[in-house]
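Student: Below is a structure I'd like to ask you about.
The values are calculated or read from the model by the stated rules, or taken from the named source; none is laboratory data. The shown structure was predicted, so the numbers you read here are calculated from the model rather than taken from an experiment. Cβ placement follows ideal geometry from the backbone for every residue including glycine, while neighbour counts extend to all protein chains displayed.
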Amino acid sequence: MEDVLLVLLFGAAGFVLLLALRLVIAVRRFKLEQPENERNWVNDNAKLTRAHFDGNTVHLENVRDFSWRTTQDFDERWVKRTVRLDLVSRVWLILEYFEPDKPQIAHTFLSFEFEDGQRLACSIEVRREQGERFHPLKGLARKFELMYVWATEADAIGVRARCRTRSVTHLLEGRFLKEESKPALLESYLKRTNALADKPEWYNTITNTCTTNLVQHVNDIYPGRVPMGLAWLLPGLSPEMMERERLIHIDEDLATTMERSQIDERALDWDGTGDFGDWVRSA
């Protein structure tokens, strides 16, 4: 009622004043709202990983190890893992295309392989509350916090390759770092994981995503290794760039590599008892 009276009394000037006032209030609320780690999270985002450093040895708590039957039906399990920074032997890139008819849209994350055969995946993603669904536009409006999900491959890769019926998942061997840089990349990921547990951040669809963070970690260790380009925003377009910059292992040619790296059928055939990572890597 007060808005109507203001417009009636002051005409166009009142209308402009009203809009300006509402804009100021909206901007102030936007700036004052802070990201939080204490919300009613969905089960698979409920816990944050913590890394405890002891020289080259790192003890991780709250590593996700869910057994997924479907995306809604799972056995919840959180485990501890111990790894050595100096034993990182390979770094794998997982590229998940959500929908075949939208090939530019994809999710990227890494899996670290160690000399003792252990593998540990880290997916950088939005942290969702109960009842929330992700949408890129919401990701521009401070609607989601950012989190680093550390998980077993059977969990992080398995839920994508086995349970998301429309998506297509590729497992590619990364070659974007020198051998001596791989421990530094893992350490960089773990330290940022701890930093977010201490001080949460907003996810942002353009500036703070799975791919922008991944690229930043690599370029921090090996400056300029991943060039700036459209693939930062649309990672589904990244295979050509990765081939050109020699960021992944290529089998004969890119088309052959992408075909052989698709793991969905092998993942569906997993017997549930053998090592999942070995299974999907078998020819």
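Student: Considering each residue of the stretch 214-233, count those that are closer than 20 Å to residue 169 by Cα and either crowded, with 21+ Cβ neighbours inside 10 Å or touching a Pro at 6+ places or on another chain (Cβ under 9 Å) (or both), and give that number.
Tutor: Of the residues in that region, 3 qualify.
Student: Look through the stretch 205-240, keep the residues that are part of a helix (DSSP H, G or I) and free of Cβ contacts under 8 Å to residues at least 12 places away in the same chain, and return whichever of them is farthest from residue 185 (Cα to Cα).
Tutor: 230
Student: Mind checking whether some residue in the stretch 137-149 is in a strand (DSSP E or B), of a type outside the set (A, V, I, L, M) and surrounded by 15 or more Cβ atoms within 10 Å (Cβ to Cβ)?
Tutor: Looking through the stretch 137-149, at least one residue is in a strand (DSSP E or B), of a type outside the set (A, V, I, L, M) and surrounded by 15 or more Cβ atoms within 10 Å (Cβ to Cβ).
Student: Does any residue in the stretch 46-68 that is in the same structural domain as residue 200 (by TED's automatic domain parsing) come within less than 8 Å, Cβ to Cβ, of a residue that is among the charged types (D, E, K, R) and in a loop (DSSP other than H, G, I, E, B) six or more places away or on a different chain, and which pairs are these?
Tutor: From the stretch 46-68, the pairs are 62/47; 64/47; 64/77; 65/77; 66/76; 66/77; 67/77.
Student: Still on this structure: Every residue in the stretch 241-283 that is among the β-branched types (Val, Ile, Thr), free of Cβ contacts under 8 Å to residues at least 12 places away in the same chain and in a helix (DSSP H, G or I), please.
Tutor: Of everything in the stretch 241-283, just one residue is among the β-branched types (Val, Ile, Thr), free of Cβ contacts under 8 Å to residues at least 12 places away in the same chain and in a helix (DSSP H, G or I), namely 256.
Student: Working only within the stretch 87-107, note down all residues that are in a strand (DSSP E or B) and more than 13 Å from residue 173 (Cα to Cα).
Tutor: Of everything in the stretch 87-107, those that are in a strand (DSSP E or B) and more than 13 Å from residue 173 (Cα to Cα) turn out to be 88, 96, 97, 106, 107.
Student: Name the residue that is nearest to residue 149 (Cα to Cα), counting only residues in the stretch 72-124 that are touching a Cys at 6+ places or on another chain (Cβ under 9 Å) and hydroxyl-bearing (Ser, Thr, Tyr).
Tutor: Filtering the stretch 72-124 for residues that are touching a Cys at 6+ places or on another chain (Cβ under 9 Å) and hydroxyl-bearing (Ser, Thr, Tyr), the one nearest to residue 149 (Cα to Cα) comes out as 123.
Student: Looking at this structure, is residue 78 under 26 Å from residue 167 (Cβ atoms), out of contact with any Lys or Arg (no Cβ under 6 Å at 6 or more places or on another chain) and either assigned by TED's automatic domain parsing to the domain that holds residue 197 or modelled with pLDDT under 95 (or both)?
Tutor: Taking the combined requirement at face value, the residue does not satisfy it.
Student: For the stretch 177-203, give me the residue count where each residue is over 17 Å from residue 242 (Cα atoms) and either buried (at least 16 other Cβ atoms within 10 Å of the Cβ) or outside the structural domain of residue 135 (by TED's automatic domain parsing) (or both).
Tutor: Residues meeting the conditions: 18.
Student: Across the stretch 163-190, what is the number of residues that are in a helix (DSSP H, G or I), within 26 Å of residue 129 (Cβ to Cβ) and over 15 Å from the mean Cα position of the chain (by Cα)?
Tutor: 1
Student: Given the structure, is residue 160 in the same structural domain as residue 196 (by TED's automatic domain parsing), out of contact with any strand residue (DSSP E or B) (no Cβ under 9 Å at 6 or more places or on another chain) and either closer than 30 Å to residue 272 by Cα or in a helix (DSSP H, G or I) (or both)?
Tutor: The answer is no for residue 160.
Student: Same structure, new question: Please find, within the stretch 64-78, the residue that is surrounded by the most Cβ atoms within 10 Å (Cβ to Cβ) out of those that are in contact with a helix residue (DSSP H, G or I) (Cβ under 9 Å, 6 or more places away or on another chain), part of a strand (DSSP E or B) and not charged (D, E, K, R).
Tutor: Filtering the stretch 64-78 for residues that are in contact with a helix residue (DSSP H, G or I) (Cβ under 9 Å, 6 or more places away or on another chain), part of a strand (DSSP E or B) and not charged (D, E, K, R), the one surrounded by the most Cβ atoms within 10 Å (Cβ to Cβ) comes out as 68.
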